[in-house]
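Visitor: My questions will all concern the structure given below.
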Amino acid sequence: MKRGLVVLTFVILAGGLLLIPALLDFGMPAFSDMDDYFLKNGQEQTAANNIVTAVVFDYRGFDTLGESVVLFTAVVGVGLMFRRMLKEEEYEDE
Amino acid sequence: MRMSKLVRTGADLLYPFALIFGLYIILHGHLTPGGGFQGGAVVATGAAIVIVAWAYEDVAGMIRKVTMKAQESAGLLLFIGTAALALGLGYAFFTNVLANSGSLFGLSVPFGPNPGELNTAGVIPIMNIAVGIEVWGGLTVILLYLLSGLNKKEEGS
Amino acid sequence: MFWNLPFIAVATLSLIGLATVVTKKNLIKIFLGINIFEAAVNLFLISLGYREGGIAPIFTSAPSTDMVMATPQALTLTSIVIGVATSALLLSFAVIIWKKYGTIDTDQIRRLRE
């Protein structure tokens, strides 16, 4: 019973995922107005040759700020989980 | 546990090249593919090769966790400080105040393919360096914590 | 069928990753399945922005100026870094569980309640 339920869920998910190659066109994106603006005016406004770096750090800088904070939080989380195990070693270092 | 002498010598020879390559990718982020995150990952891979080839007890005296934690915090503070610099000058948050302006990184670039100058793109190279320092420090700290947690002897088991 | 090959690869990799998470018992293999699924999602993001006959959106010594879309590549960078953060936290979970229980088999971990 449980195994049959797992196989049924898997078949439904596989059918849903196989709609992706069936319905989308590869090579003809539907809406590209924002990217046409970035490609035409990005080099004059930001004076950078690499449009991807200009989008990541200049036009969409807030997302990069959030991502840096996520990476910092991950390091804080790893340090927090090993805190009890390494308790005596940290005080010996200083 | 230490690896053999061949692996240790190879890691010692490879680390400067990985460092130079990673710093090149970080610094030329506005001209060629790459940038802060990719270059920081390459430099952290070079540090990981050295940490894995030598035993953890030999390396723990030289690459300390306190130094790398300070480096990561300095990278994030430099990133936020560069973004808040535009607030102090009267513009909105995150404005590119140094582009097309003629001071530190401020050469203008016309539209079209060109060979690429290092002096362009305003605030973007400073942000690239800040993010590269942060990713290098962060990935090395994660690796050091995982290795020291594995090597610790159990007390009372 | 082969003009759609990146999307077929996305569907295949997603199914492989999902099957690994559901059926395997070793903790490290489950984390590898999560990693495969995240790689499939990143591939999907990048292949949505392709234009026919375009080159990379970089103007340094570019041979022409019709380029592919640049925004999905920027969003994929963020997604890759978040995948790294997730993998780091999951692997530190695995180290702590191995120190406490002595094994990383999920059937055993459920039974040794201390």
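Visitor: How many residues are over 11 Å from the mean Cα position of the chain (by Cα) and either closer than 30 Å to B:Pro113 by Cβ or aliphatic (A, V, I, L, M) (or both) when one looks only at segment C:1-59? Quick ask: steps written out before the conclusion?
Guide: Let us first name the residues in segment C:1-59 that are over 11 Å from the mean Cα position of the chain (by Cα), namely C:1-9, C:11-12, C:15-16, C:18-30, C:45-59.
Cutting the leftovers down to either closer than 30 Å to B:Pro113 by Cβ or aliphatic (A, V, I, L, M) (or both) gives us C:1, C:3, C:5-6, C:8-9, C:11, C:15-16, C:18-19, C:21-22, C:27-28, C:30, C:45-59.
Residues in segment C:1-59 being over 11 Å from the mean Cα position of the chain (by Cα) and either closer than 30 Å to B:Pro113 by Cβ or aliphatic (A, V, I, L, M) (or both): 31 in total.
Visitor: Next question. Restricting the first residue to segment B:112-131 and requiring it to be more than 8 Å from chain A (Cβ to nearest Cβ), which pairs with a second residue that is crowded, with 18+ Cβ neighbours inside 10 Å and of a type in the set (Gly, Ala, Ser) meet a Cβ separation below 6 Å and a spacing of at least six or different chains?
Guide: Listed pairs, sorted by first residue: B:Ala130/B:Gly75.
Visitor: Counting just the residues of segment B:110-147 that are of a type in the set (Gly, Ala, Ser) and over 16 Å from B:Gly34 (Cβ atoms), which one comes out surrounded by the most Cβ atoms within 10 Å (Cβ to Cβ)?
Guide: Taking segment B:110-147 first, the residues of a type in the set (Gly, Ala, Ser) are B:112, B:116, B:121-122, B:130, B:132, B:137-138.
So of that shortlist, the ones also over 16 Å from B:Gly34 (Cβ atoms) come out as B:112, B:122, B:137-138.
Numbers: B:Gly112: 9, B:Gly122: 27, B:Gly137: 26, B:Gly138: 30.
Once the filter is applied, the top-ranked residue is B:Gly138.
Visitor: Which pairs have Cβ atoms under 8 Å, sit 6 or more apart or on different chains, and link a residue in segment A:58-69 that is among the aliphatic types (A, V, I, L, M) to one that is surrounded by fewer than 17 Cβ atoms within 10 Å (Cβ to Cβ)?
Guide: Within 8 Å, the pairs are A:Leu65/B:Ile80.
Visitor: Here's a follow-up. What number of residues within segment B:66-94 are facing chain A (nearest Cβ under 9 Å) and either part of a helix (DSSP H, G or I) or β-branched (Val, Ile, Thr) (or both)?
Guide: In the first step, residues of segment B:66-94 are kept if they are facing chain A (nearest Cβ under 9 Å); the result is B:66, B:69, B:72-73, B:75-76, B:79-80, B:83, B:93-94.
Right, trim to either part of a helix (DSSP H, G or I) or β-branched (Val, Ile, Thr) (or both) and you get B:66, B:69, B:72-73, B:75-76, B:79-80, B:83.
Summing the residues that are facing chain A (nearest Cβ under 9 Å) and either part of a helix (DSSP H, G or I) or β-branched (Val, Ile, Thr) (or both) in segment B:66-94 gives 9.
Visitor: Please go through segment B:97-153 and pick out each residue that is aromatic (Phe, Trp, Tyr) and over 30 Å from A:Leu86 (Cβ atoms). Give the derivation first.
Guide: At the first step, the residues of segment B:97-153 found to be aromatic (Phe, Trp, Tyr) are B:105, B:111, B:136, B:145.
Selection gives B:Phe105, B:Phe111.
Visitor: Of the residues A:Ala47, A:Ala22, only one is within 22 Å of C:Thr65 (Cβ to Cβ) and without any contact (Cβ under 8 Å) to a residue 12 or more places away in the chain; which?
Guide: On the way: A:Ala22 fails: within 22 Å of C:Thr65 (Cβ to Cβ).
Result: A:Ala47 is the single residue among A:Ala47, A:Ala22 that is within 22 Å of C:Thr65 (Cβ to Cβ) and without any contact (Cβ under 8 Å) to a residue 12 or more places away in the chain.
Visitor: Scan segment C:7-34 residue by residue and report those that are of a type outside the set (A, V, I, L, M) and crowded, with 17+ Cβ neighbours inside 10 Å.
Guide: Those that are of a type outside the set (A, V, I, L, M) and crowded, with 17+ Cβ neighbours inside 10 Å: C:Phe7, C:Ser14, C:Gly17, C:Thr20, C:Phe31, C:Gly33.
Visitor: Just to check your reading of the model, which residue among A:Val52, A:Val76, A:Val6, A:Val11 is closer than 26 Å to B:Lys69 by Cβ and without any contact (Cβ under 8 Å) to a residue 12 or more places away in the chain? I'd like the intermediate steps shown before the answer.
Guide: Details: A:Val52 fails: closer than 26 Å to B:Lys69 by Cβ; A:Val6 fails: closer than 26 Å to B:Lys69 by Cβ; A:Val11 fails: closer than 26 Å to B:Lys69 by Cβ.
When all the criteria are applied, what remains is A:Val76.
The numbers here are math on the coordinates, done by the rules we state, and not lab data. Since the model is a prediction, treat every value here as computed from it, not as a measurement. No Cβ is skipped: glycine too gets one built from the backbone with ideal geometry, and neighbour counts run over all protein chains shown.
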